[in-house]
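One structure is given below, encoded as structure tokens.
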Amino acid sequence: MESVDRMPMVEEPEPSGPPVREIGLGQWMRENLFNTWYNTVLTIVFGVIMAWALFASLRFVFVNGRWEVVRRNLTLLLVERFPRDQLWRPWAALFILTITVALFLGASAAARRGDPVRERPPLTPVEIVRRMWPLGVLAAALLLLSSGILPIVLVVALFAAALGARLAGERLPGWLTRARFLLLVVGGVATFEVVIAFGGQGWERWGGLMLLLFLAVGAIALSFPLGVLLALGRRSRLPAFRLVSTVYIELIRGVPLITLLFMGAFMLGFFFPVGFPRPSLVVRALIALILFTAAYVAEVVRGGLQSIPYAQIEAAQALGLSPTKVTRLVVLPQALRAVIPALVGQFISLWKDVALVSIIGLSEVLSIAQRITQQTDFRAQGLQAEVLAFAGFVYWVGAYWMSRESQRLEKRLGVGER
Amino acid sequence: MSEEVEPREAAASRDGGAMIECRGVEKWFGKFAALRGIDLDVDLQEVVVIVGPSGSGKSTFIRCINRLEKHDRGRIAVDGIEVTDDIRHIQEIRREVGMVFQSFNLFPHLTVMDNVSLGPRQVRRWSKDKAEGVAMELLERVHIPEQAHKYPGQLSGGQQQRAAIARALAMQPRVMLFDEPTSALDPEMIKEVLDVMKELALSGMTMIVVSHEIGFAKEVADRVAMFDQGKLVEEGTPDRFFSDPQHERTKLFLSQIL
């Protein structure tokens with residue numbers, strides 16, 4: 001019998017990747033939608049329902065919807081009673097904010113350049129559209145409801161400024177690239193100041209989408225660090241921290257947000273010493289939103305902290321890292337990454353909870369939308385559907401955009417995850 | 001080594017005594033005695049391999065040396081510094097003692113390079129350039145320089161363990177503790193890790209290794225110690241330990257693993 005190595009050599013075909021199966025649309029539909037009689041029935045029934053829903057929605061939006069009520073009140077919905085001769089201020093703020101963020105993102109991309117791990121492929125137009133289309137749809141809807149050429153010019157200029165600043169950000173001088181976080185802070189302050197300073201309007205007089213954005217961004221930015229501190233406090237070895245954090249979390253979580261908003265409106269003033277200027281209603285609402293969300297963020301983050309194996313802490317300790325550094329450099333980064341979906345869920349929740357501030361007399365988009373149906377020109381015409389659709393759309397764009405960005409973040413940070 | 005890094009003096013420990021001194025070390029988990037009076041000295045540049053059945057207290061013992069476990073009685077001193085509740089002593093000892101774990105325990109959110117340079121940068125306060133330079137040299141020494149910019153999850157088990165060794169070495173420790181470093185590895189990866197450990201031993205590192213790799217013990221160890229039920233039942237040179245074990249428990253154990 002021939003030994004194995006004498007066997008005639010058979011030419012092994014080079015493997016050319018996994019087999020590729022290409023099927024047409026018709027083939028795919030036959031295999032997935034009409035493969036059995038009951039699947040065919042389901043496909044037809046749901047196809048008809050979906051087609052009808054789509055048709056009805058489109059007919060409402062483009063044919064039957066009486067958008068005059070939104071059209072006439074668009075400025076009110078966006079900035080409420082902001083003096084009409086000072087509308088350049090919110091516009092300027094929008095431009096400053098957009099340019100700052102775009103410059104920052106460009107500078108960050110430049111800082112990552114050449115780094116073997118963190119460098120990302122250059123931004124393509126397709127990528128920009130994929131990430132920004134919900135905001136684009138919002139801008140388009142607002143423009144369709146606006147009148148005159150000026151808003152169109154300004155929005156186009158805004159998008160152009162965003163793109164230009166993003167590209168310019170990559171070409172900033174080195175020292176400015178390193179100081180990009182400072183740039184972000186300066187830009188953020190300027191965004192506020194251009195609205196407030198030199199005879200502008202303080203946030204206690206803001207309303208509409210502008211107030212919604214202010215409350216949501218402010219509450220997200222401040223409830224996150226507070227929540228992280230509370231989560232760490234609840235797991236602290238010091239009983240005092242643990243007690244305070246636990247009592248806080250359990251107390252706040254046990255109370256409806258509406259209660260907190262009312263307490264913010266009517267009771268928070270008692271906690272300020274006599275003679276101390278009482279914060280405005282907007283600030284008190286913001287405090288209530290921050291306190292409320294922080295408790296939930298704390299529990300979400302605590303879940304993340306618990307998911308980190310103790311061996312990670314031991315490995316960091318064995319290197320000689322101090323307890324603070326073990327937490328800051330090893331535990332927290334992993335814990336936060338693990339809870340991104342839940343955390344963003346919490347922030348989306350907060351974004352929509354801002355609608356509740358109307359209960360204490362603040363006017364964000366939803367409450368203004370309700371109010372405008374009572375105007376003399378529009379009273380008793382059954383315009384609830386139109387204004388609710390508009391307010392819902394504004395909230396949906398924000399929530400959906402956050403959700404998409406969080407998925408992107410998850411995917412990016414998941415690289416190399418065990 | 002780059003020029004800024006002073007090579008360690010190959011002399012006796014600071015107080016002239018043994019590098020690691022253990023006297024009557026006891027450790028209790030509730031009512032269970034994990035260590036029941038361990039006496040063991042390890043001299044500078046000595047390599048001690050600890051063997052013994054699972055649950056015999058080997059891991060607990062070496063974890064007491066850098067205070068991942070708190071011993072309840074007895075005295076442990078590293079390089080003349082006693083292991084006490086004093087956090088400064090503990091930090092000082094942890095800077096001098098590197099540890100390698102059975103399950104690697106690399107930080108999954110950091111690249112291999114960042115894993116290795118984290119300790120020097122944060123604890124020894126080296127500059128980024130200096131720490132990364134040293135880290136790269138160490139990765140070359142453990143033969144995985146090409147993995148520097150990958151995440152631990154992208155590496156094989158053997159590569160991860162070698163990265164973990166580099167991470168411990170980056171702190172320029174005077175002692176290295178190995179807690180069953182090859183037990184979680186596939187057979188074909190054990191050798192690459194043991195080779196790195198052999199090179200390390202030959203370079204004069206003081207090492208305590210909890211391991212059942214008899215070949216490694218015979219070739220590299222200066223002494224082999226047998227743990228059983230929280231006691232050090234027998235120790236000796238590898239030649240004597242493996243060819244002529246004195247204690248019944250050692251004979252039984254060796255007959256089971258050889």
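Under a Cβ-Cβ cut-off of 15 Å, what is the net charge of the residues other than A:Ser245 that fall near it, where Lys and Arg count +1 and Asp and Glu count -1? Show your work: numbers first, answer last.
Working: positive: A:Arg234, A:Arg235, A:Arg237, A:Arg242, A:Arg253, A:Arg302; negative: A:Glu250, A:Glu299.
Taking every other residue near A:Ser245 into account, the sum is +4.
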Checklist outcome for this item: Other residues with Cβ under 15 Å from the Cβ of B:Phe242 give, with Lys and Arg +1 and Asp and Glu -1, a net charge of -2
Checklist outcome for this item: Placing +1 on each Lys and Arg Cβ and -1 on each Asp and Glu Cβ in the protein assembly as shown, then taking the dipole about the Cα centre, the residue among A:Leu167, A:Tyr248, A:Val344 whose Cα reaches farthest towards the positive end is A:Tyr248
Item to check | Estimated inter-spin distance, A:Ala140 and A:Thr43, nm [label 7 Å along Cα→Cβ] | outcome: 3.0 nm
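What's the FRET efficiency of A:Leu54 with B:Trp28 using the Cβ-Cβ distance as r and R₀ = 56 Å, to the nearest 0.05?
Working: r = 71 Å, r/R0 = 1.26.
Once the sixth-power term is evaluated, E becomes 0.20.
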Checklist entry - For chain A, modelled as a GNM with alpha-carbon contacts under 10 angstrom, which of A:Val137, A:Val394, A:Val195 fluctuates the most? => result A:Val137
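Once you have the alpha carbon radius of gyration of the stretch B:120-258, what is it after dividing by 2.2 N^0.38 Å, with N set to its residue count? Write out the running numbers ahead of the final one.
Numbers: Rg = 17.3 Å, N = 139, 2.2 N^0.38 = 14.3 Å.
Here the answer is 1.21, to two decimals.
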Checklist entry - Hey, if you drop one equal point scatterer on each alpha-carbon of the stretch A:33-74 and run the Debye formula without solvent, what base-10 log of I(q)/I(0) do you get at q = 0.14, 0.19 Å⁻¹? => result -0.50, -0.64
Next on the checklist: Just to be sure I understand the rule: take each whole DSSP H helix in chain A, project its Cα atoms onto its long axis, keep it if the span is 20 Å or more and its mean Kyte-Doolittle hydropathy is at least -0.5. Which ones pass?
Outcome noted: A:37-59, A:88-112, A:125-145, A:150-169, A:180-196, A:208-234, A:239-253, A:281-306, A:384-413
Item to check | Charge dipole of the stretch A:287-418 about the Cα centre (unit charges at C-beta), most positive-ward option of A:Ala380, A:Leu366, A:Ala295 | outcome: A:Ala295
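With r defined as the distance between the Cβ atoms of A:Leu409 and A:Arg66 and R0 fixed at 35 Å, what FRET efficiency is calculated, to the nearest 0.05?
Details: r = 40 Å, r/R0 = 1.15.
It comes to 0.30.
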Next on the checklist: If I model a spin label as a point 7 Å beyond the Cα along the Cα-Cβ vector, how far apart are those points for B:Asp222 and A:Glu14 in nm?
Outcome noted: 5.6 nm
Checklist outcome for this item: The residues A:Trp401, A:Trp175, sorted from fewest to most surrounding Cβ atoms within 10 Å, come out as A:Trp175, A:Trp401
Next on the checklist: Modelling each spin label as a point 7 Å along the Cα-to-Cβ direction, I'd like the A:Asp85/B:Glu92 distance in nm, to one decimal.
Outcome noted: 7.4 nm
Checklist entry - What list of ³J(HN,Hα) couplings, whole Hz, do you get for the stretch A:60-65 from phi and the Karplus terms 6.51, -1.76, 1.60, once you set θ to phi - 60° and write x for glycine and proline? => result 5, 5, 9, 10, 7, x
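Output the relative contact order of chain A, whole-number percent, from Cα pairs under 8 angstrom with separation of 6+ residues.
19 percent
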Next on the checklist: In the protein assembly as shown, if the dipole is taken from +1 on Lys/Arg beta carbons and -1 on Asp/Glu beta carbons about the Cα centre, which of B:Pro245, A:Leu77, B:Gly74 is farthest to the positive end?
Outcome noted: A:Leu77
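For every other residue with a beta carbon closer than 13 angstrom to the beta carbon of A:Gly174, add +1 if it is Lys or Arg and -1 if Asp or Glu, then tell me the sum.
Details: positive: A:Arg113, A:Arg171, A:Arg178, A:Arg180; negative: A:Glu170.
Result for the local shell: +3.
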Next on the checklist: Report the Rg/Rh value for the stretch A:197-300, based on alpha-carbon coordinates and the Kirkwood definition of Rh.
Outcome noted: 1.03
Checklist entry - Where is the GNM fluctuation largest for chain A (alpha-carbon springs, 10 angstrom cutoff): A:Gln306, A:Gln374, A:Gln317? => result A:Gln317
Next on the checklist: 5 Å is the cut-off here: which amide hydrogens, built 1.01 Å from N in the peptide plane, fall below it relative to B:Val100, excluding neighbours closer than 5 in sequence?
Outcome noted: B:Leu177, B:Phe178, B:Asp179
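Let a ≥ b ≥ c be the square roots of the eigenvalues of the Cα gyration tensor of the stretch B:163-230; is it rounded (a/c under 1.5), or, if not, prolate (a/b larger than b/c) or oblate? Show your work: numbers first, answer last.
Working: a/c = 1.45, a/b = 1.15, b/c = 1.26.
It comes out rounded by the Cα gyration axes.
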Checklist entry - If you stretched the chain out fully between A:Arg171 and A:Val217, how much longer would it get, using 0.36 nm times the residue separation minus the C-alpha to C-alpha distance? => result 13.7 nm
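So if I place +1 on the C-beta of Lys and Arg and -1 on the C-beta of Asp and Glu, and nothing else carries charge, what would the dipole magnitude of the stretch B:171-253 be about its Cα centre? I want it in debye, nearest 20. Walk me through the numbers before you get to the answer.
Details: 9 positive and 16 negative charges, 60 e Å.
Roughly 280 debye, rounded to the nearest 20.
Rounded, prolate or oblate: which fits chain A when a ≥ b ≥ c are the square roots of the eigenvalues of the alpha-carbon gyration tensor, with rounded for a/c under 1.5 and prolate only if a/b beats b/c?
On the way: a/c = 1.65, a/b = 1.21, b/c = 1.37.
Verdict is oblate for chain A.
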Checklist entry - Suppose R0 equals 35 Å; then what is the FRET efficiency for B:Gln256 and B:Lys198 from their Cβ-Cβ distance, rounded to the nearest 0.05? => result 0.90
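From largest to smallest, what semi-axes in whole angstrom does chain B give when each is the square root of 5 times an eigenvalue of its alpha carbon gyration tensor?
Values: eigenvalues 172, 94, 58 Å².
Output for chain B: semi-axes of 29, 22, 17 Å.
I need the shape label for the stretch A:77-194. Rule: rounded when a/c is under 1.5, else prolate if a/b > b/c, else oblate, with a, b, c from the alpha carbon gyration tensor. Before the final figure, lay out the partial values.
On the way: a/c = 2.94, a/b = 1.59, b/c = 1.85.
In terms of gyration-tensor shape, oblate.
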Item to check | Those lysines that a straight Cα-Cα span of less than 25 Å connects to B:Lys198, excepting residues fewer than 8 apart in one chain | outcome: B:Lys58, B:Lys218
Next on the checklist: Rounded to the nearest 20 debye, what is the charge dipole size of the protein assembly as shown about its Cα centre when +1 sits on each Lys and Arg Cβ and -1 on each Asp and Glu Cβ?
Outcome noted: 3380 debye
Next on the checklist: Give me P(r) over the stretch A:264-313, computed from all C-alpha to C-alpha distances, binned every 10 Å, as integer percentages.
Outcome noted: 22, 31, 20, 15, 11, 1
Next on the checklist: Please check: in the Gaussian network model of chain A (C-alpha springs, under 10 Å), which one of A:Phe192, A:Phe95, A:Phe271 has the largest mean-square fluctuation.
Outcome noted: A:Phe271
Checklist entry - Short version: ³J(HN,Hα) in whole Hz for each residue of the stretch A:323-329, in order, from phi by Karplus 6.51 cos²θ - 1.76 cosθ + 1.60 (θ = phi - 60°), x for Gly and Pro, what are they? => result x, 4, 6, 4, 5, 6, 9
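Hey, any idea what the orientation-averaged projected area of the convex hull of the stretch B:89-145's Cα atoms comes to, in nm²? It would help to have the intermediate numbers written out before the result.
Details: hull surface 17.9 nm².
Averaged projected hull area, Cα only: 4.5 nm².
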Item to check | Cleavage-rule hits (trypsin sites (Lys or Arg not before Pro)) in the stretch B:119-182: DSSP loop, at most 14 neighbouring Cβ within 10 angstrom | outcome: B:Arg125
Next on the checklist: For a quick check: with amide H placed at 1.01 Å from N, whose amide H comes under 5 Å from B:Lys231's, ignoring anything fewer than 5 positions away on the same chain?
Outcome noted: B:Arg36
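None of the figures in this text is laboratory data; all of them are computed from the coordinates on show. From a predicted model like this one, the values you see are computed outputs, not experimental measurements. Counting neighbours? That spans all protein chains shown, and the Cβs are built from the backbone with ideal geometry, glycine included.
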